[in-house]
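Trainee: Handing you a structure now.
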Amino acid sequence: MPRPGGRRASELRPVRLRPGFVRTADGSCLVELGETRVICTASLVDGVPPFLEGTGRGWITAEYGMLPASTGRRKPRRTGGREIEIQRLIGRSLRAVARLERLDGLTCAIDCDVLQADGGTRTAAITGGYVALARALWRRRKRLPGRAAGAPLADAWPLADVAAAVSVGLVDGRALLDLEYAEDSRAEVDMNVVMTASARFIEVQASGEEHTFSAADLERLLALARRGCRQLVAAQRKALPASVPWPA
């Protein structure tokens, strides 16, 4: 059965990252992945949670929500179990590529709001959240904690790697990259994969929807995820200033 829009099994939806979308934010990025649209903003705040006070470390946290009309039918504004699970995923993913000791006394709050949902909102939020965070840190580069006068930005840069994420799944027995809602809603296996630019895994969430899957299925899905994340990392790089430190 052909995919919506005639995409190949290994093809992402059209991707557009629009940095600086919210002028008043420290950092921002509008992620457009097919019909899915997520606005991500990053705010840098002096101070850390109580458990980090006096440790010389900073913190990165995230919040996630869906606008009432994002799914077509009005969704009440609330933060339930699903939203909490997703925002924890976003925060974990961004902290995994950060050097928190270089954020001494600084909290980075990432807010991800789904404007329109057509599958893959959590993975889009991670990809766009990284761009918003990196942009906020770059704009504050002269005042980063621990940066000595005249020292290279790379010596104080708080991000050690890049975080990007994509969904994959088995639909009618086929391994597919970047599921949109029509595919995700009937997938036998659904997986979200978060990776670094150096192709290391940050998190893999996989579940069979009333089905099981084999080791060979898992390898097929991970191979697709690696392909997709490579393309997303390339898009992230283009969305950021050339002077932002980037992993070799």
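The values are calculated or read from the model by the stated rules, or taken from the named source; none is laboratory data. Keep in mind it's a predicted model, so treat the numbers as computed, not measured. We place every Cβ from the backbone using ideal geometry, glycine too, and count neighbours over all the protein chains shown.
Trainee: Evaluate the stretch 53-61: report whether one residue or more is within 12 Å of the chain's Cα centre (by Cα) and β-branched (Val, Ile, Thr). If you could, list the steps in order and put the result at the bottom.
Mentor: Within the stretch 53-61, the first condition is being within 12 Å of the chain's Cα centre (by Cα), and the residues that meet it are none.
No, that holds for no residue.
Residues checked against (1) of a type in the set (Asp, Glu); (2) at pLDDT 95 or above; (3) in contact with a strand residue (DSSP E or B) (Cβ under 6 Å, 6 or more places away or on another chain); (4) not in a loop (DSSP other than H, G, I, E, B):
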residue	(1), (2), (3), (4)
Val22	no, yes, yes, no
Ala25	no, yes, yes, no
Cys29	no, yes, yes, yes
Glu32	yes, yes, yes, yes
Ala42	no, yes, yes, yes
Gly56	no, no, no, no
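Trainee: Next up: Do you know which residues across the stretch 90-117 are more than 30 Å from Asp155 (Cβ to Cβ) and of a type in the set (A, V, I, L, M)?
Mentor: Within the stretch 90-117, Val114, Leu115, Ala117 qualify.
Trainee: Also: I'd like to know if the stretch 63-83 contains one or more residues that are modelled with pLDDT of 95 or more, out of contact with any strand residue (DSSP E or B) (no Cβ under 7 Å at 6 or more places or on another chain) and buried (at least 16 other Cβ atoms within 10 Å of the Cβ).
Mentor: Within the stretch 63-83 (the criterion being modelled with pLDDT of 95 or more, out of contact with any strand residue (DSSP E or B) (no Cβ under 7 Å at 6 or more places or on another chain) and buried (at least 16 other Cβ atoms within 10 Å of the Cβ)), the answer is no, since none of the residues qualifies.
Trainee: Follow-up. I want to confirm something. Restricting to the stretch 207-222 and keeping residues that are at pLDDT below 95 and among the charged types (D, E, K, R), which single residue is surrounded by the fewest Cβ atoms within 10 Å (Cβ to Cβ)?
Mentor: Glu210
Trainee: Against the condition part of a loop (DSSP other than H, G, I, E, B), over 23 Å from Val114 (Cβ atoms) and of a type outside the set (D, E, K, R), how does Ala9 come out, does it pass?
Mentor: On the way: part of a loop (DSSP other than H, G, I, E, B): yes; over 23 Å from Val114 (Cβ atoms): yes; of a type outside the set (D, E, K, R): yes.
For Ala9, the condition - part of a loop (DSSP other than H, G, I, E, B), over 23 Å from Val114 (Cβ atoms) and of a type outside the set (D, E, K, R) - is met.
Trainee: Still on this structure, I have one more. Among the listed residues Arg13, Arg23, Arg8, identify the single one that is closer than 23 Å to Tyr181 by Cβ, among the basic types (Lys, Arg) and out of contact with any Asp or Glu (no Cβ under 6 Å at 6 or more places or on another chain). Outline the logic, then answer.
Mentor: On the way: Arg13 fails: out of contact with any Asp or Glu (no Cβ under 6 Å at 6 or more places or on another chain); Arg23 fails: closer than 23 Å to Tyr181 by Cβ.
None of the other options fit; the residue is Arg8.
Trainee: Here's another thing I want to ask about it. Being assigned to a strand (DSSP E or B) and either under 26 Å from Val244 (Cβ atoms) or not β-branched (Val, Ile, Thr) (or both) is the requirement here; does Asp118 meet it? Can you show your working first?
Mentor: Working: assigned to a strand (DSSP E or B): no; either under 26 Å from Val244 (Cβ atoms) or not β-branched (Val, Ile, Thr) (or both): yes.
The answer is no for Asp118.
Trainee: Also: Taking the residues in the stretch 26-62 that are acidic (Asp, Glu) and in contact (Cβ under 8 Å) with a residue 40 or more places away in the chain as candidates, determine which candidate is surrounded by the most Cβ atoms within 10 Å (Cβ to Cβ). Give the derivation first.
Mentor: Within the stretch 26-62, the subset acidic (Asp, Glu) is 26, 32, 35, 46, 53.
This time we only want the ones that are in contact (Cβ under 8 Å) with a residue 40 or more places away in the chain, so: 26, 35, 46.
Details: Asp26: 20, Glu35: 15, Asp46: 9.
The extreme case among them is Asp26.
Trainee: Going through the stretch 169-206 one residue at a time, which ones are at pLDDT 95 or above, of a type in the set (S, T, N, Q) and more than 19 Å from Leu33 (Cβ to Cβ)?
Mentor: Within the stretch 169-206, just Thr196 meets the criteria.
Trainee: Counting only residues that are more than 14 Å from the chain's Cα centre (by Cα) and either in a loop (DSSP other than H, G, I, E, B) or within 20 Å of Leu52 (Cβ to Cβ) (or both), how many does the stretch 88-115 have?
Mentor: Step one: filter the stretch 88-115 for residues more than 14 Å from the chain's Cα centre (by Cα), giving 99-108, 115.
If we keep only those that are either in a loop (DSSP other than H, G, I, E, B) or within 20 Å of Leu52 (Cβ to Cβ) (or both) as well, we get 99-108.
Residues flagged as more than 14 Å from the chain's Cα centre (by Cα) and either in a loop (DSSP other than H, G, I, E, B) or within 20 Å of Leu52 (Cβ to Cβ) (or both) within the stretch 88-115 amount to 10.
Trainee: When you scan the stretch 65-87, how many residues do you find that are touching a residue at least 12 places away in the same chain (Cβ under 8 Å) and assigned to a helix (DSSP H, G or I)? Can you show your working first?
Mentor: Within the stretch 65-87, the first condition is being touching a residue at least 12 places away in the same chain (Cβ under 8 Å), and the residues that meet it are 65-67, 70-71, 77, 79, 83, 86-87.
This time we only want the ones that are assigned to a helix (DSSP H, G or I), so: 83, 86-87.
Residues meeting the conditions: 3.
Trainee: May I pose another question? If you check Ala225, Ala199, which single one turns out to be under 19 Å from the mean Cα position of the chain (by Cα), surrounded by fewer than 17 Cβ atoms within 10 Å (Cβ to Cβ) and closer than 22 Å to Gly129 by Cα? Working first, answer last.
Mentor: Values: Ala225 fails: surrounded by fewer than 17 Cβ atoms within 10 Å (Cβ to Cβ).
The match here is Ala199.
Trainee: A further question on this structure: So which residues in the stretch 138-175 are outside any helix (DSSP H, G or I), over 23 Å from Cys229 (Cβ atoms) and without any contact (Cβ under 8 Å) to a residue 24 or more places away in the chain? Full working, then the answer.
Mentor: First pass over the stretch 138-175, keeping only residues outside any helix (DSSP H, G or I): 140, 144-152, 157-175.
Okay, now just the ones that are also over 23 Å from Cys229 (Cβ atoms), so 140, 144-152, 172-173.
Arg147, Ala148, Ala149, Gly150, Ala151, Pro152, Gly173 - these are the residues of the stretch 138-175 that are outside any helix (DSSP H, G or I), over 23 Å from Cys229 (Cβ atoms) and without any contact (Cβ under 8 Å) to a residue 24 or more places away in the chain.
Trainee: State the number of residues belonging to the stretch 1-25 that are surrounded by fewer than 20 Cβ atoms within 10 Å (Cβ to Cβ) and either among the charged types (D, E, K, R) or without any contact (Cβ under 8 Å) to a residue 60 or more places away in the chain (or both).
Mentor: The total comes to 14.
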